[in-house]
1. Do you know which of the residues in segment 108-127 that are out of contact with any strand residue (DSSP E or B) (no Cβ under 8 Å at 6 or more places or on another chain) and touching a residue at least 40 places away in the same chain (Cβ under 8 Å) is farthest from residue 174 (Cα to Cα)?
2. Given the structure, is residue 10 within 21 Å of the chain's Cα centre (by Cα) and free of Cβ contacts under 8 Å to residues at least 60 places away in the same chain?
3. Within segment 81-94, identify whether any single residue is surrounded by 17 or more Cβ atoms within 10 Å (Cβ to Cβ) and either at pLDDT 95 or above or in contact with a helix residue (DSSP H, G or I) (Cβ under 8 Å, 6 or more places away or on another chain) (or both), and answer yes or no.
4. Considering each residue of segment 141-160, count those that are within 25 Å of residue 193 (Cβ to Cβ) and in contact with a strand residue (DSSP E or B) (Cβ under 9 Å, 6 or more places away or on another chain), and give that number.
5. Can you tell me which residues in segment 137-162 are under 16 Å from residue 58 (Cβ atoms) and surrounded by fewer than 13 Cβ atoms within 10 Å (Cβ to Cβ)?
6. Could you go through segment 28-41 and let me know if any residue there is buried (at least 21 other Cβ atoms within 10 Å of the Cβ) and in a helix (DSSP H, G or I).
7. With respect to residue 73, determine if the residue is assigned to a helix (DSSP H, G or I), at pLDDT 95 or above and touching a helix residue (DSSP H, G or I) at 6+ places or on another chain (Cβ under 7 Å).
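The values are calculated or read from the model by the stated rules, or taken from the named source; none is laboratory data. The shown structure was predicted, so the numbers you read here are calculated from the model rather than taken from an experiment. Note: ideal-geometry Cβ built from the backbone for every residue, glycine included; neighbour counts use all protein chains shown.
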Ligand SMILES: [Zn+2]
């Protein structure tokens, strides 16, 4: 699932290309992922001719704003991807692939297609972001400069469970998913299944520092790779996530895997010591 770094990299790649451009066409091939929260209007009609005001991000949502407070909010879920595609002779996108859900064509000739293998993502058209499911539940963004150590500790305060589960709660701190929680906990040297309440003040401070460092580093990686691959699921150079059995980059011990509810957690037993205790 694209997390904060990939969605931010996409927003930064799209912003200079889209701001000031008009939408020429919205073509919906498969309506499943496209949800209009406006009543009695045809999305393609409402969007045609609209000018992009900005391209931003909130947690794992990509936000494209238009005049009259109109928004597209894209959540990619497990397999969604927004990518440029070739325009054909009519100025529209070329061949439609099986898992293409919709296309947006802009006045500068850029066409973006939304592709999603599992079709679990959602794109909302709305004039009120608060109506987008989950949006008002989001805690502060993990890279928000206003999220100081003190504020971070306050946000984690109500959650007493396993620290990996707490880190991935969008209500506590927004933007971190399964992959970067593993990377952040590895960087902080913290066992993912320890309870938040068992962590010392020093460990929580290390966690905060690791969160900021890992996300900044991964944003730089994503900004380099995205314009090349146009694949938000392509991640180069992860330390532990997605690498079970490979040597730990710090100590050389094999990276461990524990699956909880089919979600894998990858970590190093040497560098992140702890016991799996469930109750
Ligand atoms: Zn290690």
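1. Here the answer is 108.
2. no
3. Yes, segment 81-94 contains at least one residue that is surrounded by 17 or more Cβ atoms within 10 Å (Cβ to Cβ) and either at pLDDT 95 or above or in contact with a helix residue (DSSP H, G or I) (Cβ under 8 Å, 6 or more places away or on another chain) (or both).
4. Result for segment 141-160: 3.
5. Within segment 137-162, 137, 145, 146 qualify.
6. Yes, segment 28-41 contains a residue that is buried (at least 21 other Cβ atoms within 10 Å of the Cβ) and in a helix (DSSP H, G or I).
7. Taking the combined requirement at face value, the residue does not satisfy it.
Every residue, every condition in (1) under 23 Å from the mean Cα position of the chain (by Cα); (2) within 25 Å of residue 153 (Cα to Cα), yes or no:
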site	(1), (2)
183	yes, yes
187	yes, yes
192	yes, yes
198	no, yes
224	yes, no
235	yes, no
248	no, no
